[in-house]
1. Any residue in region B:39-57 that's within 14 Å of B:Glu17 (Cα to Cα): show its pairings with residues that are at pLDDT 90 or above and among the small types (Gly, Ala, Ser) at Cβ separation under 6 Å, as long as the two are six or more apart or on different chains.
2. If the requirement is being modelled with pLDDT of 75 or more and among the hydrophobic types (A, V, I, L, M, F, W, C), which of these qualifies: B:Ala13, B:Ala95, B:Ala47?
3. Please enumerate the residues belonging to region A:1-45 that are free of Cβ contacts under 8 Å to residues at least 24 places away in the same chain, at the interface with chain B (Cβ under 8 Å from one of its Cβ atoms) and more than 14 Å from A:Gln159 (Cβ to Cβ).
4. Find the residue count for region A:55-73, including only residues that are among the aromatic types (Phe, Trp, Tyr) and surrounded by fewer than 16 Cβ atoms within 10 Å (Cβ to Cβ).
5. Name every residue in region B:303-336 that is at pLDDT 65 or above and surrounded by 17 or more Cβ atoms within 10 Å (Cβ to Cβ), in order of residue number.
6. Based on this model, can you work out whether B:Asn252 counts as surrounded by fewer than 19 Cβ atoms within 10 Å (Cβ to Cβ), in contact with a helix residue (DSSP H, G or I) (Cβ under 6 Å, 6 or more places away or on another chain) and modelled with pLDDT of 80 or more?
7. For region B:27-82, which helices (runs of 4 or more DSSP H) that fit wholly inside it have 2 or more residues that are facing chain A (nearest Cβ under 10 Å)?
Amino acid sequence: MQKLEDRALVANAQAGDRAAFEELVRRYDRDVLRLALNLMKRPEDARDVYQEAFLKVYRNLHRFRFECSFYTWLYRIVTNVCLDQLRRRQSRPEDQAPEMNSSGREEGATDFFERQKENRPTQDPERSLMGKEISRHIASAMEQLSPRERVVFEMKHYQGLKLRAIGDALGTTEETVKNSLFRATRKLRNQLGELR
Amino acid sequence: MSGGEARKGFAPAECDEVASLLVFYACDETNAAENARIAEHLLACDACGEQLRQERAFLDALNATVEPADRLDSSGVLLAQCRSELSEKLDDMHAPRAQEHWSAFGWMRRWMALRPAWSGAALIVFGVLLGTQIVPWLQTANDVAGPAVNVLAAPKLSDEQLSKMAIAGIRVSPAQDSPMENVQLQLNAEQPLVLSGNVDDSEVRRVLTYVVENGERFDPGVRLDCLDALKSRTADQPVRQALLTAARKDQNAAVRMKALESLRDTANDSAVRQTMLQILEHDPNPGVRIEAVNFLVRSLDSLGLENSETVVVEPEMAQIVRVLNDLEQRDPSRFVRLRSAAALRQIGSRDLQ
């Protein structure tokens with residue numbers, strides 16, 4: 001049903017229906033922004049990824065031939081944009097993501113988003129504290145991964161995608177994704193050895 | 001990785017193989033065959049069991065972490081902002097581009113507005129160039145409608161060509177190596193051509209004569225130039241006839257006067273004198289009549305010269321006297337009347353002699 005609806009929305013958007021396109025955006029942009037935030041670690045970078053990705057989708061929608069799902073096609077675009085951004089960031093050391101402080105926040109980050117209250121009801125204070133500590137270590141360890149390894153790890157463990165879907169999104173084979181995930185896991189576990 | 005000493009009954013190669021699958025086994029990315037094999041192996045291998053426990057602990061730790069996305073946009077404000085920005089960008093893409101009204105030399109106007117002194121200087125230089133170089137060049141280029149063919153009076157224009165031609169320009173200039181003036185005629189016939197030479201060239205003279213004789217088809221200025229060119233060739237009968245025709249019939253008084261002036265040296269020709277009498281009787285322009293009276297006076301003056309060829313027979317003289325009397329009595333121009341009276345006195349004194 002979802003796929004059929006997607007198909008109809010895409011067809012309408014391809015015919016110039018702006019409302020159909022916006023409906024597609026609303027359907028997937030939460031996941032897109034989540035992926036971008038997890039990978040880029042900075043709201044402004046994630047915002048750039050969001051804009052660039054959806055504008056690319058909008059400009060190239062007429063080229064979409066329904067050979068895969070819209071979701072897969074969208075993720076392919078988003079991950080490519082993220083990979084480009086991460087590679088650019090890697091080539092500019094001054095553009096690295098800022099270090100997290102002990103409370104799990106970026107150094108000097110005091111903007112509106114940072115000040116918002118953590119209000120997930122499932123977390124008790126102790127668990128939350130431990131989670132934040134682990135988050136800090138993981139965030140630091142993630143910086144050691146290659147852009148592709150980060151994307152694969154992120155899509156698998158935070159987005160919950162299957163390896164085949166990740167391969168489709170990245171335009172590569174499941175085997176290649178497996179290798180990336182294996183390397184990423186090993187690197188992270190080595191970095192986080194003390195947590196074992 | 002897996003501790004080799006803890007393995008029971010498994011070759012190290014099999015442990016390594018299973019251990020490499022445990023990462024995916026822990027996150028449910030192994031197939032049924034792999035699952036069965038791993039499960040069987042784990043029953044007997046403590047080391048791999050320990051590794052699986054570590055993999056799961058790692059995933060549990062990961063699950064316990066706060067995702068950056070949750071921390072960075074826990075309230076959804078960033079998402080709302082992103083949606084708003086995207087919507088604005090889509091609006092911008094859909095909005096028709098505000099087209100700047102195109103105006104010729106708009107860039108030049110902007111440049112000039114910012115540099116008034118330079119603009120003034122540039123305009124002065126442009127004006128000087130326009131006046132001294134470009135305008136004369138354009139006039140030369142536009143005198144004829146197409147590429148001009150320079151013809152040295154060689155091709156003979158047919159009567160039909162003559163009847164259809166138009167004169168775009170005529171230039172009479174002194175020749176360096178000849179007493180005759182050079183004449184250059186720019187004709188617009190079937191094919192534009194330039195006819196150059198002097199009035200001794202029959203073709204040039206023929207065209208000039210045609211223009212004078214058929215004055216109504218050509219510009220008065222052109223006719224005056226043609227008369228000017230032909231005045232030295234009044235001995236030629238066709239030329240003289242054309243001049244007489246122009247003096248008698250041309251619509252323009254200046255052309256008629258110029259024709260009379262050109263006939264100055266033909267006073268001994270009876271036909272010319274007859275034409276003068278006709279002009280005196282019928283031409284409405286006093287200036288033309290005065291020129292005709294002067295011509296007659298000069299003609300009569302020459303009667304007294306020893307080497308004069310002028311012969312005026314008695315019937316003709318009687319006709320002249322009658323016309324002059326008539327002018328003296330009735331011509332509206334006082335000068336014409338006075339000149340007529342003077343001419344009559346001159347005739348009377350000649351008769352007395």
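1. B:Leu42/B:Gly49
2. Answer to the check: B:Ala47.
3. Result: A:Arg18, A:Glu22, A:Arg26.
4. Total meeting the criteria: 1.
5. B:Ile320, B:Val323, B:Leu324, B:Leu327, B:Glu328, B:Asp331, B:Val336
6. For B:Asn252, the condition - surrounded by fewer than 19 Cβ atoms within 10 Å (Cβ to Cβ), in contact with a helix residue (DSSP H, G or I) (Cβ under 6 Å, 6 or more places away or on another chain) and modelled with pLDDT of 80 or more - is met.
7. Those helices (runs of 4 or more DSSP H) span B:46-64, B:68-72.
Every residue, every condition in (1) at pLDDT below 85; (2) in contact with a helix residue (DSSP H, G or I) (Cβ under 8 Å, 6 or more places away or on another chain); (3) within 11 Å of chain B (Cβ to nearest Cβ), yes or no:
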site	(1), (2), (3)
A:Ile134	yes, yes, yes
A:His137	yes, yes, yes
A:Met155	no, yes, no
A:Leu170	no, yes, no
A:Glu174	no, yes, yes
A:Thr185	no, yes, yes
A:Gly193	yes, no, yes
A:Arg196	yes, yes, yes
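The values are calculated or read from the model by the stated rules, or taken from the named source; none is laboratory data. Note that the coordinates shown come from a computational prediction; the quantities given were computed from them, not determined experimentally. Reconstructed Cβ throughout: ideal geometry from the backbone, glycine too, with neighbour counts over all protein chains shown.
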